[in-house]
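Asks: This structure is in structure tokens; I'll ask about it shortly.
The values are calculated or read from the model by the stated rules, or taken from the named source; none is laboratory data. Since this is a predicted model, take the numbers as computed values, not measurements. Every residue, glycine as well, gets a Cβ built from its backbone with ideal geometry; the counts of neighbours run over all protein chains shown.
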């Protein structure tokens, strides 16, 4: 964040300065977690579902926060805490606002008005973080920029990510998440993106939106927010996203593999940890696992070409791309290859995972380990049945499923022709680990995936611990007859 004075901050947030002597003191960083405070930071006291930042003002001040933004109805307690945290030293000012969350949005909106860099907004039902990271990697080959922090894509995270911009940056890539109609419009009104990206439409957060039609309506709010001087990138192979183009007042570029796309990939090839493709007879290579990364790569390429990057610069950007944690990251753990795709899951990304495992070469066994897909509402049973079908079509050597929806996955796998001996339905996580322990062999490739709430990263951690103990099981152990033996 470029330096912002106390007076400017108070004006932007419609707040009142209380205490302190120097209204021209400047600040360059906002923090909402008192544990992360650095000397001179602004501590923004937000009230959350489980914690209230006002309860941590003493700690924030003791860590040398130089300013705090607090609610008016907590002012007296805030003043006392701020004074206590200052000890015998000077007491810095407070900025008092009606609501600190609203004030954060107001401040980010004002701060955005002070910046001239290109802002790219990314939304969709899946692939947002991967697309965000891909765009940032490619455009960074020629320009300095920032992207959303971690998974900061909501009404708190997006303003904080926007505040990372400073005058040295030429662009920002901001992820925009939503679980209801109206939320993307609110985020776009703060960020004012010139470029809008929709990664795809699918069954994600359908509990919040209520229907696929409302998902389309909500995600399309990004297109409506773009200025006429901007442009949008949409998946061109999907009629649903193609149909959203009319909601944009600016030019729309379609990307995909079919004819009629502005950026079209041909000669697509997938190796274990490499994706290659051609666009306009120029070959590009991306160090990723899975064909599903192609959409993100084409989106990044389209933006890069539109703002003037050369093919050489684009290729260099692809070479520097690294998948975000839990998004198809490949780890060599002992004698096993583990594809960690545990961050989240929805039907589209689960099907992509099955394709990734199908395309893997050189494995002893290819094992798919899945947890439930959450927030699917009335579509849950059908979606999990479809996952089982996809696993069967991928000819996985073993399917281990965990969660309340696991029976539907098993039904789908059996309907798709997968042998019962290759299936394991696990009602409890400990059973999942026990079964996995029985079937693991050197050279196996495991893809682990599930919704965030299933915490499937625990499987990856267990594998690490097992490898550290050097307790690999190298012989096939007989399973209970209800499970099978994967042979």
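Asks: Tell me, yes or no, whether region 194-217 has at least one residue that is assigned to a helix (DSSP H, G or I) and in contact with a strand residue (DSSP E or B) (Cβ under 7 Å, 6 or more places away or on another chain).
Replies: As a first pass, look at region 194-217 and keep what is assigned to a helix (DSSP H, G or I): 206-209, 212-217.
Subsequent filtering for residues that are in contact with a strand residue (DSSP E or B) (Cβ under 7 Å, 6 or more places away or on another chain) retains none.
No; the residues of region 194-217 include none that is assigned to a helix (DSSP H, G or I) and in contact with a strand residue (DSSP E or B) (Cβ under 7 Å, 6 or more places away or on another chain).
Asks: Scan region 259-273 and tell me whether some residue there is buried (at least 21 other Cβ atoms within 10 Å of the Cβ), at pLDDT below 95 and over 19 Å from residue 118 (Cβ atoms).
Replies: Yes, region 259-273 contains a residue that is buried (at least 21 other Cβ atoms within 10 Å of the Cβ), at pLDDT below 95 and over 19 Å from residue 118 (Cβ atoms).
Asks: With 398, 416, 377, 403 as the choices, which residue is surrounded by fewer than 21 Cβ atoms within 10 Å (Cβ to Cβ), outside the structural domain of residue 197 (by TED's automatic domain parsing) and either in contact with a strand residue (DSSP E or B) (Cβ under 8 Å, 6 or more places away or on another chain) or at pLDDT below 95 (or both)?
Replies: Values: 398 fails: surrounded by fewer than 21 Cβ atoms within 10 Å (Cβ to Cβ); 416 fails: either in contact with a strand residue (DSSP E or B) (Cβ under 8 Å, 6 or more places away or on another chain) or at pLDDT below 95 (or both); 403 fails: surrounded by fewer than 21 Cβ atoms within 10 Å (Cβ to Cβ).
Going through 398, 416, 377, 403 in turn, the sole match is 377.
Asks: Follow-up. Being over 22 Å from residue 194 (Cβ atoms) and in a strand (DSSP E or B), is that true of even one residue in region 234-244?
Replies: no
Asks: In the same structural domain as residue 443 (by TED's automatic domain parsing) and not in a helix (DSSP H, G or I): does that describe residue 386?
Replies: Working: in the same structural domain as residue 443 (by TED's automatic domain parsing): yes; not in a helix (DSSP H, G or I): no.
When the stated conditions are applied, residue 386 does not pass them.
Asks: Kindly evaluate residue 89 against the criterion of being outside the structural domain of residue 301 (by TED's automatic domain parsing), in a loop (DSSP other than H, G, I, E, B), out of contact with any strand residue (DSSP E or B) (no Cβ under 9 Å at 6 or more places or on another chain) and under 23 Å from residue 19 (Cβ atoms).
Replies: Spelling it out, residue 89 is indeed outside the structural domain of residue 301 (by TED's automatic domain parsing), in a loop (DSSP other than H, G, I, E, B), out of contact with any strand residue (DSSP E or B) (no Cβ under 9 Å at 6 or more places or on another chain) and under 23 Å from residue 19 (Cβ atoms).
Asks: I would also like to ask the following. Working carefully through the options 132, 74, find the one that is in a helix (DSSP H, G or I) and under 24 Å from the mean Cα position of the chain (by Cα). Give the derivation first.
Replies: On the way: 74 fails: under 24 Å from the mean Cα position of the chain (by Cα).
Step by step, each of 132, 74 is checked, and only 132 is in a helix (DSSP H, G or I) and under 24 Å from the mean Cα position of the chain (by Cα).
Asks: Could you name every one of the strands (runs of 3 or more DSSP E) located completely within region 252-352 that has at least 1 residues being farther than 24 Å from residue 196 by Cβ and either more than 24 Å from the chain's Cα centre (by Cα) or not assigned by TED's automatic domain parsing to the domain that holds residue 451 (or both)?
Replies: Details: elements: 252-256, 266-271, 274-279, 282-286, 329-333, 336-341.
Counting at least 1 such residues, we get 266-271, 274-279, 282-286, 329-333, 336-341.
Asks: Do we have residue 159 as assigned to a loop (DSSP other than H, G, I, E, B), in the same structural domain as residue 245 (by TED's automatic domain parsing) and either modelled with pLDDT of 95 or more or touching a strand residue (DSSP E or B) at 6+ places or on another chain (Cβ under 7 Å) (or both) here?
Replies: On the way: assigned to a loop (DSSP other than H, G, I, E, B): no; in the same structural domain as residue 245 (by TED's automatic domain parsing): yes; either modelled with pLDDT of 95 or more or touching a strand residue (DSSP E or B) at 6+ places or on another chain (Cβ under 7 Å) (or both): yes.
No: the conditions fail for residue 159.
A quick yes/no check of all residues on (1) in a helix (DSSP H, G or I); (2) over 30 Å from residue 215 (Cα atoms); (3) touching a residue at least 12 places away in the same chain (Cβ under 8 Å):
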position	(1), (2), (3)
80	yes, yes, no
96	no, yes, yes
108	yes, no, yes
146	no, no, yes
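Asks: Okay, moving on. Check whether at least one residue in region 400-410 is under 23 Å from residue 362 (Cα atoms) and under 28 Å from the mean Cα position of the chain (by Cα), and report yes or no.
Replies: yes
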